1. Name the residue, out of L74, L50, L85, L70, that is at pLDDT 95 or above, under 13 Å from L99 (Cα atoms), of a type in the set (A, V, I, L, M) and touching a Gly at 6+ places or on another chain (Cβ under 7 Å).
2. Show the residue pairs meeting these rules: Cβ distance below 6 Å; 6+ apart or different chains; first residue within segment 43-72 and assigned to a helix (DSSP H, G or I); second residue surrounded by 16 or more Cβ atoms within 10 Å (Cβ to Cβ).
3. Which number in (1) modelled with pLDDT under 95; (2) in contact with a helix residue (DSSP H, G or I) (Cβ under 7 Å, 6 or more places away or on another chain); (3) under 19 Å from H122 (Cβ atoms) marks the one condition that T91 misses?
Amino acid sequence: MKAHHVLGFAAALLIATTLSAQDRGQFNEHDRQVTNDWYRQHQKHAPRGLRTQDRLSADEESRLQPGRPLPKDLRARTHPVPRDLERQLPTPPRNHKYLAIGGHVALVNSRTHEVRDVIHVHEQDGHDQRHH
């Protein structure tokens with residue numbers, strides 16, 4: 001393979017692995033790490049939507065799923081993600097926003113209310129819970 005083909009392939013691979021949330025429509029490991037680090041730093045004074053008392057029940061948790069619309073009863077429990085956390089995350093895709101809900105940070109379509117991806121910030125059973 002010629003050198004320019006190898007370089008082209010390497011550049012394409014780098015671009016594909018560093019796409020923003022705008023292009024991906026979902027969180028990557030870096031986004032999850034940033035969010036969990038932010039939560040650990042703010043856990044004692046967590047904002048609405050991320051407080052211990054805001055956690056979802058098991059039934060509500062089962063209805064917060066990527067690829068599905070956010071149910072109306074859960075929409076009423078959403079809050080904007082704190083600005084300092086939002087600034088650390090990639091710009092969301094057009095017509096999408098980051099929301100805090102029941103101990104999660106969700107990427108949600110503003111028009112259709114479809115949940116694109118979810119980060120669970122409260123630790124359960126000693127490990128990070130993820131919805132994929």
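1. Numbers: L74 fails: touching a Gly at 6+ places or on another chain (Cβ under 7 Å); L85 fails: touching a Gly at 6+ places or on another chain (Cβ under 7 Å); L70 fails: touching a Gly at 6+ places or on another chain (Cβ under 7 Å).
Only one candidate qualifies: L50.
2. Note: pairs meeting the criteria are D54/G102.
3. Only one criterion in (1) modelled with pLDDT under 95; (2) in contact with a helix residue (DSSP H, G or I) (Cβ under 7 Å, 6 or more places away or on another chain); (3) under 19 Å from H122 (Cβ atoms) is unmet by T91, namely (3).
The values are calculated or read from the model by the stated rules, or taken from the named source; none is laboratory data. For clarity, every value in this text was computed on a predicted model and none was experimentally measured. In this analysis, Cβ positions are derived from the backbone assuming ideal geometry, glycine residues included, and neighbour counts consider all displayed protein chains.
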